[in-house]
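**Student:** Mind looking over this structure? Questions follow.
The values are calculated or read from the model by the stated rules, or taken from the named source; none is laboratory data. Since this is a predicted model, take the numbers as computed values, not measurements. Neighbour counts run over all protein chains shown; Cβ positions are idealised from the backbone, glycine included. Ligands, DNA and RNA are excluded from the accessible area calculation, which covers all protein heavy atoms including side chains. Shrake-Rupley method; radii C 1.70, N 1.55, O 1.52, S 1.80 Å.
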Amino acid sequence: MSSARELLVCARMQANTSPRRAETVETVERARRVLLAEDDMVMRRMLVQALERDGFEVTAVEDGAKLLARIQEAWLDPDDARQFDLLITDAHMPKLSGIDVLRELRTVDPSTPVLVISAFSDHEMVDTVEDLDGVVLDKPFDLSDLRTAALYYARCP
Amino acid sequence: VRELQNCIERAVALCSYETISVEDLPDRVRNARALDTASDEMSDLPRMEEVERRYIERVITLVGGNKSSAARILGYDRTTLYRKLERYGL
């Protein structure tokens with residue numbers, strides 16, 4: 001998978017030019033659902049507000065164990081099975097890290113888009129996330145970058 | 001033991017000061033505790049494979065055992081579904 005920055009540029013171009021994208025937006029009947037995990041309360045609220053402004057239905061949790069538990073709940077809920085369109089997770093959190101959860105998720109789910117946000121990404125971490133078909137977004141990031149990435153990945157898994 | 005010996009020898013060779021610090025250790029060793037912690041936390045939750053097994057089982061029951069319908073609902077092709085059914089003993 002390409003870097004988040006490259007894809008953000010690509011997403012912006014497509015958002016402006018693709019008729020298929022406009023058609024997709026019109027035919028979507030339900031709000032796109034994002035599952036967000038971020039241990040910093042202020043950051044979590046800020047991200048939820050930004051995503052909700054873009055029309056996402058956001059479920060937010062504060063650590064990796066709750067993130068994995070919520071993913072499993074979605075799989076096992078008869079009305080709700082696997083219906084998250086996008087996962088956004090902090091890389092470093094108490095209990096399970098975002099990368100631990102991504103690794104576990106990929107044992108059965110190769111396709112749900114996962115965006116990993118991190119203030120301490122190094123090459124090894126980026127390689128690990130990309131090997132698991134995730135995308136790293138470095139902190140600090142512009143909120144508009146996150147929103148663009150969310151729109152891109154939630155609609156084009 | 002040999003792995004530990006190699007690790008310490010490498011740290012001695014590469015460290016900048018007289019004392020070996022955490023930064024001188026290879027990533028695999030530095031991350032070992034985090035991995036243990038992850039395993040502990042993970043043990044409180046079912047593994048995703050178990051969750052998938054339960055999910056497939058429920059869908060198969062809902063469609064009365066019809067594999068084509070189940071595959072469509074699950075989003076798998078039939079080959080993948082049969083592979084998973086075999087893997088999970090369903």
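**Student:** If the label point is 7 Å along Cα→Cβ of residue A:40, which residues in the range A:125-155 have backbone nitrogen under 14 Å from it?
**Tutor:** The answer is A:137-143.
**Student:** Set the Förster radius R0 to 25 Å, insert the Cβ-Cβ distance between residue A:111 and residue B:50 as r into 1/(1 + (r/R0)^6), and round the FRET efficiency to 0.05.
**Tutor:** Taking R0 as 25 Å, the efficiency between residue A:111 and residue B:50 is 0.80.
**Student:** Using packing as a proxy for protection, rank A:49-58, A:33-42 so that the peptide with the highest average count of other Cβ atoms within 10 Å comes first.
**Tutor:** My ranking of the peptides, most packed first, is A:33-42, A:49-58.
**Student:** To continue, here is another question. Students often forget the sequence filter, so: which lysines lie under 18 Å Cα-Cα from residue A:66 once same-chain residues fewer than 8 apart are removed?
**Tutor:** Once the sequence-local lysines are set aside, what remains near residue A:66 is A:95.
**Student:** Using a 7 Å offset from the Cα along the Cα-to-Cβ direction at both residue A:76 and residue B:14, what is the distance between the two label points in nm, to one decimal?
**Tutor:** Label-label distance for residue A:76 and residue B:14, simple model: 4.2 nm.
**Student:** Of B:48, A:93, A:46, which has the most accessible area with a 1.4 Å probe, and how do the rest follow in descending order?
**Tutor:** A:46, A:93, B:48
**Student:** Students sometimes get this wrong: rank A:120, A:84 by accessible area, probe 1.4 Å, all chains present, largest first. Spell out each step's value before the answer.
**Tutor:** Working: A:120 150, A:84 20 Å².
The ordering from most to least exposed comes out as A:120, A:84.
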